[in-house]
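K.L.:
Shown below is the structure under consideration.
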Amino acid sequence: MLVDSHCHLNFPDFKDDLDNVITRAREAGVGVMQTICTDMAEFDEVRGIAERYDNIYCSVGVHPNESGMTKTVTSEELITKTSYPKVIGIGETGLDYHYEHSDRESQKKSFIEHIKAARATDLPVIIHTRDADEDTVSMLSDEMAKGKFKGLIHCFTASKYLADKVIELGFYISLSGIISFKNAGAIRDAIRDVPLDRLLVETDAPYLAPIPYRGKRNEPSFTIYTNRILAELKHVTEKECARVTTENFFRLFNKAMPL
């Protein structure tokens with residue numbers, strides 16, 4: 001079985017055929033999915049999808065690009081939402097200095113609140129970081145010194161520096177279809193030495209469809225292509241890669257129950 005550890009099934013791209021998308025995922029061997037919250041206003045919709053399907057879980061959080069649009073979410077608000085059984089992660093949160101739709105201070109304040117919630121609940125914090133390696137490492141290190149928490153870098157597109165530092169902190173790294181792109185050699189090099197037992201796979205659907213579907217709508221069934229590239233990088237079979245990354249998911253997101 002494979003797990004799509006990060007997708008966005010509430011997005012409009014799936015409004016007309018979500019049942020078919022879930023069916024195709026099952027048929028491809030993707031047995032479990034986590035649909036990710038990016039704004040508190042969408043949480044009920046995200047949770048509703050997770051509760052409708054036995055093999056879907058969800059998170060609660062505010063994407064860094066949304067963090068400056070309203071008042072900063074508090075750790076207490078996030079913690080309250082984790083009482084729902086299908087909520088297994090905090091995020092996605094983090095720092096995005098590429099688009100900067102929200103100012104950096106708002107992003108940092110929101111990030112800290114998510115980390116507080118992760119620490120209090122023992123649920124993993126799901127981190128989006130783009131063009132912000134130094135600040136991401138600095139904030140994670142500072143917060144870890146205040147008290148341990150667990151988490152992962154999702155859709156890894158960063159440097160070997162960031163990969164090495166977050167692994168030192170005990171975090172995991174999740175890889176998307178980007179690792180199949182021809183121009184992603186630096187990303188593949190950055191994760192080549194990351195132990196397989198610290199890696200997860202995802203789609204980030206509906207975005208970032210892997211080769212051979214690049215440019216089309218992404219969906220959870222395409223997780224198999226990311227797993228295939230990762231297996232090649234780690235010199236293991238696709239079956240072994242699927243087994244290990246699935247075990248990693250349930251070790252990290254230990255509120256989720258294997259089917």
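The values are calculated or read from the model by the stated rules, or taken from the named source; none is laboratory data. Keep in mind the model is a prediction, meaning the values are calculated, not measured. Glycine also receives a Cβ, built like all others from the backbone with ideal geometry; neighbour counts cover every protein chain displayed. Protein only, heavy atoms only, side chains kept; ligands, DNA and RNA dropped before computing areas. Shrake-Rupley method; radii C 1.70, N 1.55, O 1.52, S 1.80 Å.
K.L.:
Can you tell me which condition LEU196 does not meet? The list is (1) in contact with a Cys (Cβ under 9 Å, 6 or more places away or on another chain); (2) of a type in the set (A, V, I, L, M, F, W, C); (3) over 27 Å from ARG217 (Cβ atoms); (4) buried (at least 23 other Cβ atoms within 10 Å of the Cβ), and all the others hold.
P.N.:
Of the numbered conditions (1) in contact with a Cys (Cβ under 9 Å, 6 or more places away or on another chain); (2) of a type in the set (A, V, I, L, M, F, W, C); (3) over 27 Å from ARG217 (Cβ atoms); (4) buried (at least 23 other Cβ atoms within 10 Å of the Cβ), the odd one out for LEU196 is (4).
K.L.:
Separate question: Kindly indicate which of GLU77, GLU42, GLU105, GLU100 is loosely packed, with under 14 Cβ neighbours inside 10 Å and out of contact with any helix residue (DSSP H, G or I) (no Cβ under 6 Å at 6 or more places or on another chain).
P.N.:
On inspection, the qualifying residue turns out to be GLU105.
K.L.:
What number of residues within region 132-183 satisfy the criterion of being within 26 Å of VAL244 (Cα to Cα), open to solvent by 30 Å² or more (accessible area, probe 1.4 Å), in a helix (DSSP H, G or I) and touching a residue at least 40 places away in the same chain (Cβ under 8 Å)?
P.N.:
Of the residues in region 132-183, 0 are within 26 Å of VAL244 (Cα to Cα), open to solvent by 30 Å² or more (accessible area, probe 1.4 Å), in a helix (DSSP H, G or I) and touching a residue at least 40 places away in the same chain (Cβ under 8 Å).
K.L.:
Condition (residue is more than 15 Å from the chain's Cα centre (by Cα) and at pLDDT below 95) applied to region 19-29: is it met by at least one residue? Steps first, answer last, please.
P.N.:
Filtering region 19-29 down to residues more than 15 Å from the chain's Cα centre (by Cα) leaves 19-29.
In the following step, the residues that additionally are at pLDDT below 95 were identified as none.
Among the residues of region 19-29, not one is more than 15 Å from the chain's Cα centre (by Cα) and at pLDDT below 95, which makes the answer no.
K.L.:
So in region 214-233, with the set limited to residues that are outside any helix (DSSP H, G or I) and in contact (Cβ under 8 Å) with a residue 24 or more places away in the chain, which one is most open to solvent (accessible area, probe 1.4 Å)?
P.N.:
Only one residue tops the list, namely ARG214.
K.L.:
Give region 1-37 a look and list any residue that's in contact with an Asp or Glu (Cβ under 6 Å, 6 or more places away or on another chain) and either of a type in the set (Val, Ile, Thr) or farther than 21 Å from PRO258 by Cα (or both), or say none.
P.N.:
Answer for region 1-37, where residues must be in contact with an Asp or Glu (Cβ under 6 Å, 6 or more places away or on another chain) and either of a type in the set (Val, Ile, Thr) or farther than 21 Å from PRO258 by Cα (or both): ASN10, VAL21, VAL30, ILE36.
K.L.:
Quick check on my filter: what residues within region 80-91 are open to solvent by 50 Å² or more (accessible area, probe 1.4 Å) and farther than 10 Å from PHE43 by Cβ?
P.N.:
The answer is THR80, SER83, PRO85.
K.L.:
So, one more: Give region 138-184 a look and list any residue that's acidic (Asp, Glu) and touching a helix residue (DSSP H, G or I) at 6+ places or on another chain (Cβ under 8 Å), or say none.
P.N.:
GLU143
K.L.:
For region 199-208, indicate whether the set of residues that are more than 14 Å from the chain's Cα centre (by Cα) and either open to solvent by less than 10 Å² (accessible area, probe 1.4 Å) or hydroxyl-bearing (Ser, Thr, Tyr) (or both) is non-empty.
P.N.:
The first filter runs over region 199-208 and keeps only residues more than 14 Å from the chain's Cα centre (by Cα), leaving none.
Scanning region 199-208 turns up no residue that is more than 14 Å from the chain's Cα centre (by Cα) and either open to solvent by less than 10 Å² (accessible area, probe 1.4 Å) or hydroxyl-bearing (Ser, Thr, Tyr) (or both).
K.L.:
Looking at region 234-259 only, could you name the residues that are in a helix (DSSP H, G or I) and open to solvent by less than 20 Å² (accessible area, probe 1.4 Å)?
P.N.:
CYS241, ALA242, VAL244, THR245, THR246, ASN248, PHE249, LEU252
K.L.:
Mind listing whichever residues of region 45-72 are open to solvent by 10 Å² or more (accessible area, probe 1.4 Å) and within 24 Å of TYR99 (Cα to Cα)?
P.N.:
Passing the criteria: VAL62, HIS63, ASN65, GLU66, GLY68, MET69, THR70, LYS71, THR72.
K.L.:
Taking region 117-128 only, how many residues are open to solvent by less than 10 Å² (accessible area, probe 1.4 Å) and outside any loop (DSSP other than H, G, I, E, B)?
P.N.:
Residues meeting the conditions: 5.
K.L.:
Another one. With the structure loaded, tell me whether TYR225 is of a type in the set (Phe, Trp, Tyr), more than 27 Å from VAL137 (Cβ to Cβ) and touching a Ser or Thr at 6+ places or on another chain (Cβ under 9 Å) or whether it fails that test.
P.N.:
yes
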